[in-house]
Amino acid sequence: MTQSLKSTTSRCPVCADPVLAEVVVKSNGDGKERVFLKKSCGKHGAFETLISSDARFYWLSKGEESGCCGDEKSGCCAEPAAGDRIGFLGRNAQLNLVPDDPKPFHKLSTCLALIEIVDSCNLSCPTCFADSPVGVGDKIQATSLADLKTRIQGVIDRKGPIEILQLSGGEPTLHPDFFELLGWCHENPGIDYVLVNSNGARLAKDQEFADELGRRMDYGHFQFYLQFDGPAEG
Ligand code: SF4
Ligand SMILES: [Zn+2]
């Protein structure tokens, strides 16, 4: 079954001429709905491109607060809590409303910004992607709080609100001003959601840190992001 979602404009993949296009959702009888972009060029014929292998993600990424896949088990249908900033991916993007603008593109927003706030780490994984030096106490190599604020605010001022800000490293919880930075992020109206990418070592061993982190969870737009690897499948 094919259902049309909207008409739009695109470009021919061969000659790059502007062409009319249609976004359609198709169900294949396997219970899955996929979203395609169909377009046709007078010189080069018809094209069909898969733009989302899961129609539910298409709804989430549309950026409309009213956008909903209709499946009540899906996150996009959940009623936001009072005063909640929903933070759907793409919600800060702005439609290009300039009449006759030859560029049929939307102004992009920053869906995801990742900033490494600490170089050092309290583990020494042989496979470390960041080549982080081991460092605790005085040996921690960290970017200063003032510098981090300037860099993050610079992204917001240039590109508009950040939907998800990831604080990464090294091990970000080693930053000497970690909670001050977190508080500043939470109070910043230009940041919808904060993720902290952590190895969990400090959380496991430092009760005072864990207690304070627990209090910060009340903010609601915040995830402490852990990864667990093991020799066998979980
Ligand atoms: S925990 Fe992460 S940052 Fe630290 S050494 Fe391991 S891979 Fe590198
Ligand atoms: Zn063409």
| Which of Leu123, Val155, Thr143 sits farthest toward the positive end of the charge dipole of region 109-159, with +1 on the Cβ of Lys and Arg and -1 on the Cβ of Asp and Glu? | Val155
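Provide the net charge surrounding Thr143, with neighbours chosen by a C-beta distance below 11 Å and charges set as Lys +1, Arg +1, Asp -1, Glu -1.
The answer is -2.
Multiply the residue separation of Ser144 and Leu50 by 0.36 nm, subtract the distance between their alpha-carbon atoms, and state the gained length in nm to one decimal.
Details: separation 94, 0.36 × 94 = 33.84 nm, distance 4.41 nm.
Once the chain is fully extended between Ser144 and Leu50, it gains 29.4 nm.
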| message | 5 Å is the cut-off here: which amide hydrogens, built 1.01 Å from N in the peptide plane, fall below it relative to Arg11, excluding neighbours closer than 5 in sequence? | response | Val19
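Around Asp131, with a cut-off of 12 angstrom between Cβ atoms, what is the net charge of the other residues, counting Lys and Arg +1 and Asp and Glu -1?
Numbers: positive: none; negative: Glu116, Asp119.
With Lys, Arg at +1 and Asp, Glu at -1, the net is -2.
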| note | Once Lys and Arg are counted +1 and Asp and Glu -1 for all other residues with Cβ under 13 Å from that of Ser7, the total becomes +2
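Rg/Rh for region 110-225: what does it come to with C-alpha atoms and Rh from Kirkwood? If you can, show how the numbers build up before the last one.
Working: Rg = 13.8 Å, Rh = 14.5 Å.
In region 110-225, Rg relative to Rh is 0.95.
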| said: Need one number: nm distance between label points at Ser124 and Gln3, each 7 Å from Cα along Cα→Cβ, rounded to one decimal. | reply: 5.8 nm
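FYI, it's all coordinate maths here, none of it is from the lab. This is a predicted model, so every value here is computed, not measured. Every residue, glycine among them, receives a Cβ derived from its backbone with ideal geometry; neighbour counts consider all protein chains shown.
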